[in-house]
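J.: Please read through the structure below; I'll follow up with questions.
The values are calculated or read from the model by the stated rules, or taken from the named source; none is laboratory data. Every value quoted in this text rests on a predicted model; they were computed, and no experiment measured them. A quick note on method: Cβ atoms are made from the backbone with ideal geometry, for glycine too, and the neighbour counts reach across all protein chains shown. Ligands, DNA and RNA are stripped out before the accessible areas are found, and what is left, the full protein with its side chains, is counted by its heavy atoms. Shrake-Rupley method; radii C 1.70, N 1.55, O 1.52, S 1.80 Å.
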Amino acid sequence: IMAADSMEIDDALYSRQRYVLGDTAMQKMAQSHVFLSGIGGLGVEIAKNIILAGVKALTVHDTKQCTKWDLGINFFIHEDDITSQKNRAEATLHRIAELNPYVHVAASTVPLDETTDLSFLKQYQCVILTEVSLLLQKKINDFCHTQQPPIKFISADVYGICSRLFCDFGDEFEVLDTTGEEPKEIFISNITQSNPGIVTCLENHPHRLETGQFLTFREVNGMSCLNGSTHQITVVSPYSFSIGDTSEMEPYLHGGIAVQVKTPKMFCFERLEKQITNPLCLVADFSKPEAPLQIHVAMLALNRFQENFGREPNIGCLQDAEEMLKIAMSVGETLENKPRVNEDLVKWLSRTARGFLAPLAAAVGGVASQEVLKAVTGKFSPLQQWLYIDMLDIVTPLEKMGSEEFVPRGDRYDALRACIGDSLCQKLHDLNVFLVGCGAIGCEMLKNFALLGVGTGQDKGLVTITDPDLIEKSNLNRQFLFRPHHIQKPKSYTAAEATLNINPYLKIDSYINKVCPATENTYSDEFYTKQDVVVTALDNVEARRYID
């Protein structure tokens, strides 16, 4: 991002991100060294995101060879990487490195196991593990937690229909700004002369403060000794709060503004070992508050199965699913909360564990990458400490499908097929999709379409994209299909070409037409009726309403 001596930020590239993070956080990020193990479908998502964001250096580690399987999960592995039997880290190195010339990217292919001397990790501020055994995760987490200062530790995994993310940033992790919002300003209508003094806001203007926050005062008439002073508040109601003893002050007359003072907040993290038996989980779906603990048990059972048998459960195998259910029952008893075991979830996880859902990895990879940025900048509240997301709703209707639906066919869609069956794969191949907008979300959608094989059917299926814009330098920070040599070229044509690099069997038509009420209707009603799905990846609300 910046030269070490001047610390100047390349505003043409980072302007949008700079608005969100601020210069202090950007500079911390630009001095951070990150280690990432496992460049599978999830690892490559995380690598892509943190390189675009602009850390100083990233080491990508992997010991596996590229296989046909990888073509459906890793958008930076190509057919020739399989032919030449390349290591996954080495195959993807130059492709992820060209995402951002300011980031130094290195590959490592040395074994990482129980016997490895972990002292090499001391050079990193953050360590991310994917596709690593739970035993080794615990060992590396213990090492990171005991360092001074602690090395921020993140582990993430996607197995079939389930995913998990874990963070440990040490015993005392200071966050300078938990929200990133501008300090609140509250206009005052009254302050009582009492102990404690009660401050009331202007009518119909709730203060939206929390007990324990600090405020400073200005422009108060009458009780003028408050001006310039800082007070910790206790919320009384949505429109009032107390500030301590005001009984000896002059009477309040009128006016005054209370301004929030941002103060650092300390977060305490526990080690992985302890969090396994008593997990602190973020509830992502309030309609299923019990889900995180249920997935926690199911994924621990999967880890135990791997340790017991030296392999993952076989695809669609009911016998393995029954064995994993037994393990889940015993694992549940070891947890402090003793959660109910969700039998359907455990069985489906067992049947799909070898498979991979690229859209799930994209979502988890996005969240994991944000946690990396929080870890190295000390900005925004970090995840404490687990995030679990499952796709059980997708597979539940497939219960009656025969096991032959899920078995590998030796093509690039085997990982997807293991999760959703061949019939649904064929439906995806035969889809007609119209994507409006090839910006940040548009690029991500096209990558997912390519990995899923959307629009690749022999007789049916087509992806149509349109975007009238040309590529600018600021786009390169988040629209990952574009490179510096694409600047001033049309987004849609460039995105189509880049998508074909991920999956050359995709049928894609690209246009530079506008789609909005102000222009002549470029696309007929007949065109829209031929589409199975229309995706609007636009920030233009009017155009979205029009298409809807």
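J.: Between Asn204 and Val407, what's the calculated FRET efficiency when r is the beta-carbon distance and R0 is 56 Å? Round to 0.05.
T.: Values: r = 63 Å, r/R0 = 1.13.
Working from the Cβ atoms, E equals 0.30.
J.: Below 8 Å, C-alpha to C-alpha, sequence gap of six or more: please give me the relative contact order for region 187-230 in percent.
T.: Details: 38 pairs, mean separation 10.6, N = 44.
Normalised by residue count, the contact order of region 187-230 is 24 percent.
J.: Treating region 431-547 as a set of equal point scatterers at the Cα positions, no solvent, please give the Debye-formula log₁₀ I(q)/I(0) at q = 0.13, 0.14 Å⁻¹.
T.: Results for region 431-547 at q = 0.13, 0.14 Å⁻¹ read -0.47, -0.54.
J.: If you don't mind, there's one more thing I want to ask. Please enumerate, by chain and number, the lysines with C-alpha under 20 Å from the C-alpha of Lys184, excluding those fewer than 8 residues away in the same chain.
T.: Lys262, Lys265, Lys379
J.: Can you send over the carbon and sulfur percentage of the accessible area for region 172-222, probe radius 1.4 Å, protein chains only?
T.: Its accessible area is 45 percent carbon and sulfur atoms.
J.: Using only the Cα atoms of region 185-261, build the gyration tensor, take square roots of its eigenvalues as a ≥ b ≥ c, and label the shape rounded, prolate or oblate: rounded if a/c is under 1.5, else prolate if a/b is larger than b/c, else oblate.
T.: Numbers: a/c = 1.37, a/b = 1.26, b/c = 1.09.
Rounded, because the longest to shortest axis ratio a/c is under 1.5.
J.: Still on this model: Only bridges whose two residues both fall in the chain count here: according to DSSP, what percent of them are antiparallel, nearest 5?
T.: Values: 38 of 74 bridges.
Rounded to the nearest five, the antiparallel share is 50 percent.
J.: How high is the FRET efficiency from Glu172 to Asn308, r the C-beta distance, R0 45 Å, rounded to 0.05? Intermediate values should be presented prior to the final figure.
T.: Numbers: r = 38 Å, r/R0 = 0.83.
The pair Glu172/Asn308 has a calculated efficiency of 0.75.
J.: Find how much the distance from Val261 to Phe187 grows on full extension, using 0.36 nm per residue of separation minus their present alpha carbon separation; answer in nm with one decimal. Kindly include the intermediate steps, with their values, before the conclusion.
T.: Details: separation 74, 0.36 × 74 = 26.64 nm, distance 1.51 nm.
Length gained, Val261 through Phe187: 25.1 nm.
J.: Further question: Just to be sure I understand, if you calculate percent of Cα pairs over 40 Å apart for this structure, which of (1) 34; (2) 70; (3) 17 do you get?
T.: Calculated percent of Cα pairs over 40 Å apart: the matching label is (1).
J.: Evaluate the relative contact order of region 185-261 (contact order divided by residue number), counting alpha-carbon pairs under 8 angstrom at least 6 apart; express in whole percent. Mind showing how you got there, number by number?
T.: Numbers: 195 pairs, mean separation 33.7, N = 77.
Relative contact order comes out at 44 percent.
J.: Follow-up. In region 370-430, which chymotrypsin sites (Phe, Trp or Tyr not before Pro) are in a loop and have at most 13 other Cβ atoms within 10 Å, using DSSP for the loop call? Kindly include the intermediate steps, with their values, before the conclusion.
T.: Details: sites: Phe380, Trp386, Tyr388, Phe406, Tyr413; in loops: Phe380, Phe406, Tyr413.
Nothing satisfies the criteria.
J.: Where the only charges are on Cβ atoms (+1 Lys, Arg; -1 Asp, Glu), what is the dipole of the chain about its Cα centre, to the nearest 20 debye? Before the final figure, lay out each step's value.
T.: Values: 50 positive and 70 negative charges, 112 e Å.
For this selection, approximately 540 debye.
J.: To continue, here is another question. Taking 0.36 nm per intervening residue step and subtracting the Cα-Cα distance, what contour gain separates Glu333 from Leu280 on full extension? Write out the running numbers ahead of the final one.
T.: Numbers: separation 53, 0.36 × 53 = 19.08 nm, distance 1.72 nm.
Contour length minus Cα-Cα distance gives 17.4 nm.
J.: Just tell me which lysines come within less than 21 Å, Cα to Cα, of Lys400; anything on the same chain fewer than 8 places away is out.
T.: The reachable lysines, counting only those whose Cα sits under 21 Å from Lys400, are Lys347, Lys427.
J.: Filter the GluC sites (Glu not before Pro) in region 39-123 down to the DSSP loop ones having no more than 16 other Cβ atoms within 10 Å, then list what survives.
T.: Values: sites: Glu45, Glu79, Glu90, Glu98, Glu114; in loops: Glu98, Glu114.
Here the sparse-neighbourhood loop sites are Glu98, Glu114.
J.: How much length is gained on full extension from Asp525 to Asn540, taking 0.36 nm per residue of separation minus their Cα-Cα distance?
T.: Numbers: separation 15, 0.36 × 15 = 5.40 nm, distance 2.11 nm.
In short, 3.3 nm is gained.
J.: While we're on this one: Give me the distance between the Cα centres of region 442-513 and region 316-379, rounded to whole Å.
T.: 32
J.: In deg cm²/dmol and to the nearest 500, what is the mean residue ellipticity at 222 nm of the chain if only DSSP H runs of at least 4 residues count, each as -39500 (n - 2.57), divided by the residue total?
T.: Working: 17 runs with 188 residues, N = 548.
Dividing the helical sum by the residues of the chain leaves -10500 deg cm²/dmol.
J.: Let me ask something else. Not counting ligands, DNA or RNA, and with a 1.4 Å probe, what is Leu42's accessible surface area in Å² rounded to the nearest 10?
T.: Solvent-accessible area, nearest 10 Å²: 10 Å².
J.: Pairs to check: Lys460/Lys530; Lys48/Lys68; Lys48/Lys473. Give those whose C-alpha atoms are more than 19 Å from each other in this structure. Let's see the in-between values first.
T.: On the way: Lys460/Lys530 11 Å; Lys48/Lys68 21 Å; Lys48/Lys473 17 Å.
Table pairs above 19 Å Cα-Cα are Lys48/Lys68.
J.: Right, next: Go through region 404-501 and name the trypsin sites (Lys or Arg not before Pro) that are in a DSSP coil and have 10 or fewer other Cβ atoms within 10 Å of their Cβ. Please report the intermediate quantities before stating the final value.
T.: On the way: sites: Arg409, Arg412, Arg417, Lys427, Lys447, Lys460, Lys473, Arg478, Lys491; in loops: Arg409, Arg412, Lys460, Arg478.
Within region 404-501, the qualifying trypsin sites (Lys or Arg not before Pro) (loop, at most 10 other Cβ atoms within 10 Å) are Arg409.
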